[in-house]
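Read through the structure below, which is laid out as structure tokens, and then see the notes.
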């Protein structure tokens, strides 16, 4: 049985309807005929799970400026940040926040009625002197409010959504020797039909890929679909070895408890009740950058000062904060503790452990959101923004509140750039049989009779990633992970699904998602093996120091396939853009 | 050495697991025009979520069991369904709170079915489009006039507080599909749409209140509410839904908001 197929034509197609996708859609819809393809209903996107805030040097509550914010971002990223991009991020942050307010976002307010601001990890006054109040927030559901506000404005602008359309392939075609964007192929969940979207410009805004870890704050659906589609088509992935582990996930579950909890005065404690962050970060303490805090937590655990019978977690202590403050500023996370742990945060500390949170790496772009085909050339008509992309404003470690900022600044930029490009460019011819690759893959998976199950391979992948490629890494653990992933990829070829139907076949969907996770996990581990230094979120115990001589450069990973169809990964490197700040040792 | 805590794999001790039956309403029009009930017996940690139980079934027993889910902690609103007769998010209900476990065995099955009053498409998946259309009918966006200010619009903490409760809505449809009026007459906008109208009507920055009130004054509008409070009980975000609807009714009478 062949799969039915439809062809659509739009100027601009946006893949993903989280913060970056919808911010792009608001701009693109005003300027070009735009379609948004999204695996989930837009308001289900994981932007909604972000809690703490969005950084911008509004200086509403204390002295602040965008240059300090730029510095903190560069330092937070352990100097792997492209400084021209960080400067744009920090400068445009201010208008980004004000734009959202004008779109209706209900920020918390100061007594004067201005947008209120609070402290967050790594954000400091005057280049590290003391914590600064830079995070604009709406209780502990800032991401929810951003997602809702952007969706509301998409409704207002009449943005055209294709809900529960899962993009599986990127179509590129040669135009005068340059590989250019022709469109995408999507699988409609409701019917199992394939849809080819021919487009002048495509914006990938499909989010992260954290689901290859077991303990993660990421949604089940964050499976790196955009990254994998680009990578399979020979485009590079940048800095994939840099993955952020958020210090405060709910023990064993990984559900995020915002850094805002520490911004409001929460303290991390070991089994002796000691405020251990004082030892590791004398100035910023509990508000040091996330990589530093996560490593400190695991150091405490390794040295026997973890809590609980297994000594495998530490406490986030909010008990000294007034209940009114928790109710007003942290209502959601206190409810998570009650719902999932049966703990009352007014009186009891919350057991936490670092949780896989955010991919700093992704599809490389320049500051206009244009996707790079290599270190210098762009792919005409292709854009990316948000967690799927790597600009790189986050370098080796993202600061808290900079991702809600990133999706707004670069989502907007990508949306404008894509629509402007579409206004002048023509359609690129679709490749021959444009949906064939996806149709074959889907039919193969549906008809497969192999004895491997998705759930077992995914579990094995998550086990090895948690064990070998998390906060601490060595050559040995990474090699072990790589071997395991290679074996899992070969087992994956024998995966079969039980649901053979066409209608809402989420069994099939999960199998396809697993293929993406395996592909990207391999890139992460392969890139991490080659980076023989420690920087930001990538910590190598066998190379504990930062090595600016050899590794002050971005990793660019490419999929290569030889004439016999054997796949391998090739690594290249791209220089870091440095403008104002010379790398120095990072202390908090 | 690898990341430490994770070297210790959970012990093979399964003494804490309980036996629970999930009784699920199945429907797949590709296979049969008729819906039916199917029982699954699970061995599961009582501290796990109902969603974890559904995953166990899907991943280990029957891959065709179909439901929506994403964030798994009550934020995205994907997995609203009817659990033991009440609308709940499957990721916010723990097995121990629903299965009535005695001596390691659930005394009654956990009954799970799609939300009521909405077209079932497959198993626990319902057609959400009419729900989102009712939401869009409320003009759920800030309406203002005149030139935009350079900086932010000012709003006092008290004015901000006025509509705080209704900003929490995650559009999961648990409230709307728990409403007997909505079951009987699919034309009623339903609680979620009214909650989202409330969020703007009582926002001091908004100037579209009159327009929204006119829409809600319609025969399918706010007057259909019979203050049954099912919606308030069902809301996974703890929104005082019925109260919000009452406030809209009052605003319609007094034209003050």
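What to note about this one:
- Near-label residues of region A:294-337 by backbone N, under 11 Å of a point 7 Å along Cα→Cβ of residue A:274: A:300-301, A:303-306
- Subtracting the Cα-Cα distance of residue A:443 and residue A:561 from their residue separation scaled by 0.36 nm leaves 40.2 nm.
- Taking the longest Cα principal axis of chain A as reference, the axis of helix A:83-103 is set at about 90 degrees.
- A Cα-only calculation for the protein assembly as shown places Rg and Dmax at 25.4, 77 Å.
- For chain B, the C-alpha radius of gyration sits at 1.20 times the compact-globule guess of 2.2 N^0.38 Å, with N the residue count.
- Between helix B:191-201 and chain B there is an angle of about 40 degrees, using the helix long axis and the longest principal axis of the Cα atoms.
- The ranking of A:274, A:264 by Cβ neighbour count inside 10 Å, starting from the fewest, reads A:274, A:264.
- Each label was represented as a point 7 Å from its Cα along the Cα-to-Cβ direction; for residue A:374 and residue A:173 these points are 2.4 nm apart.
- Degrees between helix A:506-530 axis and first principal axis of chain A (Cα, 0 to 90, nearest 10): 60 degrees
- Cα centroid separation - region A:178-218 against region A:255-303, whole Å: 37 Å
- Residues residue A:568 and residue A:425, FRET efficiency given R0 of 41 Å [Cβ-Cβ distance, rounded to 0.05]: 0.75
- Residues in region A:32-53 that a label on residue A:233 would reach, taking backbone N under 15 Å of a point 7 Å out along Cα→Cβ: A:37
- Sorted by Cβ neighbour density within 10 Å, fewest at the top, the residues B:198, A:8: A:8, B:198
- Antiparallel DSSP beta bridges within chain A, percent to nearest 5: 70 percent
- Note: relative contact order over chain B, using C-alpha pairs below 8 Å and six or more positions apart, is 17 percent.
- Cβ-Cβ FRET estimate between residue B:60 and residue A:532, R0 fixed at 56 Å, reported to 0.05: 0.85
- With the highest mean first, a sort of the peptides A:282-291, A:578-587, A:193-202, A:57-66 on other beta-carbon atoms found within 10 angstrom per residue produces A:193-202, A:282-291, A:57-66, A:578-587.
- Label positions at residue A:129 and residue A:463, each projected 7 Å from the Cα along the C-beta direction, are separated by 5.3 nm.
- Spatial separation of Cα centroids for region A:100-129 and region A:439-515, in angstrom: 42 Å
- Estimated from the Cβ-Cβ distance and a Förster radius of 35 angstrom, the FRET efficiency linking residue A:303 and residue A:487 is about 0.55.
Laboratory data are not the source of any read-out in this text; all were calculated from the coordinates shown. None of the values given here were measured: they were computed from a predicted structure. Note that we place each Cβ from the backbone using ideal geometry, even for glycine, and neighbour counts take in every protein chain shown.
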